[in-house]
Amino acid sequence: MRTLSGVEDFRIHDFRRVVRTNLSKLGVDADTAERVLGHVIRGVRGVYDRYEYLAEKRGALEKWTTHLVALLAKNDNEQESSPQQQGRPSKTPHVARKGSRSPRVMRLRSE
């Protein structure tokens, strides 16, 4: 990961930070974003509110998926239009292919 990203001080926890930050950017409310990460809501609210928030977490993850697919598609488009990339296959994973969705993305949307 360090080699691909060019980030020397990368930690696996950075993925969680990126997801949490972007869920806020995408308009997901703070409690739902925290629950997506598996954090417990503390205090009286955490004691009395036993609802699982599955639909809300699903909605947040669908927003995140849509955001990632758009970023990867943009990256594909930039690579394809780059003079040094013309005639070379894209290095972006299959999920990023414009106009297609991975089985995982399709599963999220159909459930």
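What follows draws every value from the coordinates through simple rules; no lab data is involved. Everything quoted here is computed from the prediction, not taken from an experiment. Cβ sites come from the backbone with ideal geometry, for glycine too, and all protein chains shown count toward neighbours.
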Restricted to Cα positions, what overall size does the range 38-85 have along the principal axes? Three whole-Å values, descending. 59, 18, 10
Distance from a point 7 Å along Cα→Cβ of Asn77 to each backbone N in the range 22-55: keep the residues under 15 Å and list them by number. none
Label points 7 Å out from Cα along the Cβ direction at Asp29 and Leu68: separation in nm? 2.5
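How would you rank Asp76, Asp29, going from fewest to most other Cβ atoms within 10 Å of each one's own Cβ? Let's see the in-between values first.
Numbers: Asp76 17, Asp29 12.
By the 10 Å Cβ count, ascending, the order reads Asp29, Asp76.
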What is the order of Leu61, Leu37, Leu23, fewest Cβ neighbours within 10 Å to most? Leu37, Leu61, Leu23
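How much length would be gained if the chain were fully extended between Phe15 and His39, taking 0.36 nm per residue of separation minus their Cα-Cα distance, in nm to one decimal? Please report the intermediate quantities before stating the final value.
Values: separation 24, 0.36 × 24 = 8.64 nm, distance 1.50 nm.
Contour length minus the Cα-Cα distance gives 7.1 nm.
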Net charge over other residues, Cβ less than 13 angstrom from the Cβ of Asp14 (K, R count +1; D, E count -1): +3
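Between beta-carbons, use under 12 Å as the cut-off and find the net charge around Gly38, counting Lys and Arg +1, Asp and Glu -1. Write out the running numbers ahead of the final one.
On the way: positive: Arg16, Arg20, Arg35, Lys57; negative: Glu34.
That works out to +3.
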Please report Thr3, Thr65 as a ranked list, fewest other C-beta atoms within 10 angstrom at the top and most at the bottom. Thr3, Thr65
